[in-house]
1. So, of the residues in the range 239-296 that are crowded, with 20+ Cβ neighbours inside 10 Å and without any contact (Cβ under 8 Å) to a residue 40 or more places away in the chain, which turns out to be farthest from Ile65 (Cα to Cα)?
2. Given the criterion among the β-branched types (Val, Ile, Thr) and more than 24 Å from Ile265 (Cβ to Cβ), identify the matching residue among Ile179, Ile113, Ile125, Ile135.
3. I want to confirm something. Restricting to the range 186-198 and keeping residues that are among the hydrophobic types (A, V, I, L, M, F, W, C) and touching a residue at least 40 places away in the same chain (Cβ under 8 Å), which single residue is surrounded by the most Cβ atoms within 10 Å (Cβ to Cβ)?
4. Report whether or not Gln383 is modelled with pLDDT under 75, on the phi < 0 side of the Ramachandran plot and not aromatic (Phe, Trp, Tyr).
5. Which one of Val160, Val139, Val132 is modelled with pLDDT under 90, farther than 14 Å from Val263 by Cα and of a type in the set (Val, Ile, Thr)?
6. Please determine, by comparing only the residues of the range 193-213 that are hydroxyl-bearing (Ser, Thr, Tyr) and more than 12 Å from Asp47 (Cα to Cα), which one is nearest to the chain's Cα centre (by Cα).
7. With Ser153, Ser173, Ser183 as the choices, which residue is without any contact (Cβ under 8 Å) to a residue 40 or more places away in the chain, of a type in the set (S, T, N, Q) and either outside any helix (DSSP H, G or I) or open to solvent by less than 60 Å² (accessible area, probe 1.4 Å) (or both)?
Amino acid sequence: MSTTTVAKPQAKQPGKGGRRLSLPVLLLVIAGVLILTSIVRLISGADGITSTGQMSTALRLAVPIGLAGLGGLWAERAGVVNIGLEGMMILGTWFGAWAGYQWGPWTGVAFGILGGALGALLHAIATVTFNVNHIVSGVALNILAVGLTRYLSKFTFDGVPQGSSKQSPPIDSLGTFSIPGLSDALVTLNGKHWFLISDIAGLLGGLVTNLSPLTVIAVALVPVTWWVLWRTAFGLRLRSCGESPVAAESLGVNVYKYKYIAVIISGGLAGLGGAFLSIVASNVYLDGQTAGRGYIGLAAMIFGNWMPGGLALGAGLFGYTDSLNLRGGTTNVHALILLLAILLVIGAAYLLWKRKLVSGLLTFVISALMFVWYTSTDEVPRQLVTATPYIVTLLVLSLSAQSLRMPKADGLPYRKGQGK
């Protein structure tokens with residue numbers, strides 16, 4: 001007599017799978033944030049927080065962060081951690097400026113991509129071929145890029161008219177454009193300062209006003225990346241290398257080749273972000289121009305749960321906070337304190353509803369302190385405005401850490417044939 005034991009299906013453990021928001025829920029969240037932002041604007045009188053100019057600046061500052069994040073996405077989906085994004089961006093800024101001031105901005109863009117790709121090739125050789133720790137290789141590349149560009153600047157830009165050892169000569173502009181009719185209409189509507197309608201007009205107006213051709217290309221790369229990685233056989237093979245390289249190899253996938261391709265594309269995208277900084281955001285190369293945007297791009301990728309759409313939202317958030325440095329920073333950040341306090345109240349109510357009493361009460365106390373800060377001051381210190389992008393980076397990563405799901409083999413060493 002035999003018995004058959006039927007295993008009960010395992011319940012999915014929360015937090016490990018990184019449950020994603022459905023599109024309708026995500027749209028509701030975005031709509032809710034827009035409504036709250038509009039309320040805060042009316043209460044505080046800080047009309048600049050949703051102005052067309054603010055949004056246009058935010059888009060321009062989000063582009064290099066988004067390109068760096070896309071670069072990290074390509075590499076990590078193939079299983080290679082790319083801490084070297086900052087160094088690849090630095091190489092992109094220098095090579096883009098060096099070629100751009102001599103042969104024109106579009107040539108500079110091409111050389112910026114090439115510079116980032118060369119840095120990525122070094123990272124791929126170290127991590128894929130020689131199995132060097134990915135973090136160590138990335139940090140070493142960042143240090144190398146800083147030293148190399150400073151050395152090259154001394155011998156190429158120093159002595160050149162309007163150049164120096166820390167700055168390139170000016171580069172011709174790629175030009176900007178606005179969508180006729182639509183841009184002016186949205187700017188006018190935004191200037192009415194109506195509840196919600198003007199805020200939406202400001203957001204949309206920033207997307208169609210004073211655009212660089214390179215901005216359009218960068219934005220288009222987000223859906224292109226999604227289509228290639230999730231809708232093509234090439235993308236499936238590449239992602240399989242980041243999930244289970246041994247299984248991919250057993251199915252005939254050349255894991256080394258796909259890892260190299262992914263890392264080089266990653267470097268090219270980061271280099272494009274660097275070229276954007278030196279050619280579009282500023283028409284010169286400056287020493288230290290990236291200012292940690294490669295790391296923030298990596299944070300945007302993590303915030304987006306290794307998905308292009310989430311990455312774009314993260315880059316937009318970080319670009320917006322960065323834009324506060326340029327447009328009405330102290331007043332606008334002061335208004336955003338009120339927004340943060342309201343969001344914390346909502347968060348506290350949710351935690352209490354979930355019967356997480358300690359977390360809910362602590363969140364409520366922090367919210368009360370934020371309200372006190374807002375009501376007792378008229379503006380915030382300038383130093384806080386400068387630090388806002390980095391503070392937001394830390395807050396976002398800490399709050400989203402419980403629902404993230406990285407590729408399973410990301411950063412793990414791999415040798416050809418190790419599964420045999």
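1. Among those that are crowded, with 20+ Cβ neighbours inside 10 Å and without any contact (Cβ under 8 Å) to a residue 40 or more places away in the chain, it is Ala248.
2. One residue alone meets the criteria, Ile179.
3. Leu186
4. In short, no.
5. Of Val160, Val139, Val132, the one residue that is modelled with pLDDT under 90, farther than 14 Å from Val263 by Cα and of a type in the set (Val, Ile, Thr) is Val160.
6. Ser212
7. Sole residue among the options that is without any contact (Cβ under 8 Å) to a residue 40 or more places away in the chain, of a type in the set (S, T, N, Q) and either outside any helix (DSSP H, G or I) or open to solvent by less than 60 Å² (accessible area, probe 1.4 Å) (or both): Ser183.
Let's see how each residue does on (1) open to solvent by 10 Å² or more (accessible area, probe 1.4 Å); (2) closer than 27 Å to Gly411 by Cβ:
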{"site": "Ile30", "(1), (2)": "yes, no"}
{"site": "Gly48", "(1), (2)": "yes, no"}
{"site": "Leu85", "(1), (2)": "no, yes"}
{"site": "Gly100", "(1), (2)": "no, no"}
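The values are calculated or read from the model by the stated rules, or taken from the named source; none is laboratory data. Note that the structure is predicted; figures quoted are calculated from it, not measured. All Cβ positions, even for glycine, are placed from backbone atoms using ideal geometry, and neighbour counts span all protein chains on display. With ligands, DNA and RNA removed, areas are computed over all heavy atoms of the protein, side chains included. Shrake-Rupley method; radii C 1.70, N 1.55, O 1.52, S 1.80 Å.
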